[in-house]
Amino acid sequence: MTSIDFYFNADDRLGVACRLAGKALQQRKRVLIYAPQHELAEKIDRMLWTAKAVSFIPHCYAHDPLAASTPVLIAAGEIAASPETACEVLLNLSADYPPFFERHARLLEIVAQDEAQVLAGRARFKFYRDRGYPIRNHDLLAAEARG
């Protein structure tokens, strides 16, 4: 069963996504970043080139010829749901739950502090909880305050 981690109170949702992708990479986990909007996919792609946590996070789009040998993939739509994009970790940047999330051992959900993000995050949380998925919560604001 997929384990789910919610990271909430994110002040910079895509910055948190880059840090989480970098951390998974350090743990030698393969990551699929689900970014359903083209602009969002382009933005996370640019940010991964300059992420400070690990200097550079090797990544490409899931349809790229190098995808099979790249540890972090960015995808949306049908390609995200295909068997070729099977990764241990799925990082969801959609407002909705990814319909194919169960193929992954772990799902990471990042919820920003704005009202629309909070409401969408609550709906996803309820969806997973109502289906019995194990969920861990991480308050990024409290973690930042602790140092």
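Hey, can you find the accessible area per residue of the chain for me, probe 1.4 Å, expressed in square angstrom?
54 Å²
Using 0.36 nm times the number of residues separating Arg136 and Ser69, minus their current alpha carbon distance, what extension gain do you get? Mind dumping the intermediate values first?
Details: separation 67, 0.36 × 67 = 24.12 nm, distance 3.00 nm.
Full-extension gain reported as 21.1 nm.
Gaussian network model of the chain, Cα springs within a sub-10 Å range: biggest mean-square fluctuation belongs to which of Ala116, Ala81, Ala67?
In the Gaussian network model the winner is Ala116.
May I ask you to give the percent of accessible area on the chain that is carbon plus sulfur, with a probe radius of 1.4 Å?
54 percent
For Phe127 and Phe56 in one chain, what is 0.36 nm times their gap in residues minus the Cα-Cα distance, to one decimal in nm?
22.1 nm is the gain from fully extending Phe127 to Phe56.
At 7 Å along the Cα-to-beta-carbon direction for both Arg28 and Ile79, put a label point, then send me their distance in nm to one decimal.
Those two pseudo-labels are separated by 2.8 nm.
Would you pull out the residues with amide H under 5 Å of Leu91's amide H, same chain only if 5 or more places away, H placed 1.01 Å from N?
Those qualifying (amide H under 5 Å, at least 5 residues apart or on another chain) are Leu32, Ile33, Tyr34, Leu108.
For the chain, compute the number of Lys pairs whose alpha carbons are separated by less than 25 Å, excluding pairs fewer than 8 positions apart on the same chain.
So the count works out to 5.
Tell me whether the range 68-147 comes out rounded, prolate or oblate; compute the Cα gyration tensor, take square roots of the eigenvalues as a ≥ b ≥ c, and use a/c under 1.5 as the rounded threshold. Don't jump to the answer; show the numbers that get you there.
Working: a/c = 1.87, a/b = 1.50, b/c = 1.25.
Verdict is prolate for the range 68-147.
Measuring from label point to label point, each 7 Å out along Cα→Cβ, what is the Leu119 to Asp45 span in nm?
3.1 nm
Mind listing P(r) for the range 1-105? All alpha-carbon pairs, 10 Å bins, whole percents.
Pairs per bin, as whole percents: 15, 54, 29, 1.
The values are calculated or read from the model by the stated rules, or taken from the named source; none is laboratory data. As the structure is a prediction and not an experimental result, all values here were calculated from the model. With ideal geometry, Cβ positions are generated from the backbone for all residues, glycine too; neighbour counts draw on all protein chains shown. Accessible surface areas use protein heavy atoms only, side chains included; no ligands, DNA or RNA. Shrake-Rupley method; radii C 1.70, N 1.55, O 1.52, S 1.80 Å.
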